[in-house]
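Here is the structure we will look at, set down as structure tokens.
The values are calculated or read from the model by the stated rules, or taken from the named source; none is laboratory data. Quick caveat: nothing in here was measured; it's all calculated off a predicted structure. Neighbour counts are summed over all protein chains in view; Cβ atoms, including those assigned to glycine, are modelled from backbone coordinates with ideal geometry.
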Amino acid sequence: MAARTGVRGLSSEDLQVIRDALAAGRKPRVMFTEAAGQIAGQVGQVVALTDPAESDEWVVVRFGRDELPFAPGDLQVAPKGAVARKAAPPAPAQPVRVEPEFVIDKPVPAPVSNGQAGKASGNGSGGDAAPSPASPERQVKGEASAAAPGPAPAPRKAAGRAAKPKPPPGLTVTLAYTDGEWTVAANQGTKALAKPYVIRPAEAMRMVSLVDVPGVQEAVEQILAAERAEAEQQAERLRAELAEIEARLQELRDAG
């Protein structure tokens with residue numbers, strides 16, 4: 001793949017720019033010149049520079065899935081927005097008879113007698129028309145196009161969606177009445193933020209007043225009314241007992 005005379009290739013300045021880009025971890029793009037033959041106009045990436053003293057082809061280019069060495073004359077700096085084009089294949093040195101690779105849709109007419117040859121033939125001639133094989137130039141062009149791989153497709157980025165943040169567990173505040181005592185507890189999920197602790201009835205009534213649910217306040221008021229009645233009865237008993245104790249004490253004082 002040596003460079004041809006008169007074909008513009010990579011200059012010493014271009015090679016220095018490529019060497020600096022490789023040192024920085026980049027792979028500069030180059031385009032194949034006419035000196036490269038059938039792949040002229042295609043675009044590749046320089047992946048390495050070998051020792052020019054060992055070979056004339058010391059610029060290693062990634063082209064499709066292959067990495068091949070080329071001479072500086074086979075390459076030039078790829079212009080911005082360059083689109084790869086396929087070069088026309090060279091004409092064959094001599095015509096070669098090859099088997100046709102294309103399917104013939106038109107059926108071949110069956111042989112006819114000499115008397116009906118003119119009627120069977122489409123152009124009125126007496127001979128049978130045989131399908132001509134595919135031309136060598138057409139087949140060579142098709143094989144050259146299939147052999148020249150195109151530029152590697154750019155990897156598609158996976159369209160990922162940002163994960164939604166997990167919501168915090170629910171908060172539960174419980175107001176309970178058990179065995180004549182009002183208690184409050186708080187849980188967040190399965191974690192206990194506040195274990196049940198006793199509060200006064202007035203505090204319980206104030207918390208219930210914030211909940212506008214029919215029947216809840218009435219139930220709490222009934223509980224408080226029952227507790228109030230029971231407390232008043234207990235107070236009456238205690239006052240009666242206290243009066244008896246004071247009367248007994250007074251008798252003891254008078255006897256002394």
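Among (1) part of a strand (DSSP E or B); (2) loosely packed, with under 10 Cβ neighbours inside 10 Å, which single condition is VAL213 missing?
Going through (1) part of a strand (DSSP E or B); (2) loosely packed, with under 10 Cβ neighbours inside 10 Å one by one, VAL213 breaks only (1).
Tell me the residue from ALA192, ALA185, ALA226 that is at pLDDT 90 or above, surrounded by 10 or more Cβ atoms within 10 Å (Cβ to Cβ) and of a type in the set (A, V, I, L, M, F, W, C), please.
ALA185
Find all pairs meeting these conditions: Cβ atoms under 7 angstrom apart; at least six residues apart or on different chains; first residue within segment 209-233 and hydrophobic (A, V, I, L, M, F, W, C); second residue at pLDDT 85 or above.
ILE223/TYR177; LEU224/PRO201
Give me the residue from segment 5-37 that is loosely packed, with under 14 Cβ neighbours inside 10 Å and not in a helix (DSSP H, G or I) and, out of that set, modelled with the lowest pLDDT.
THR5
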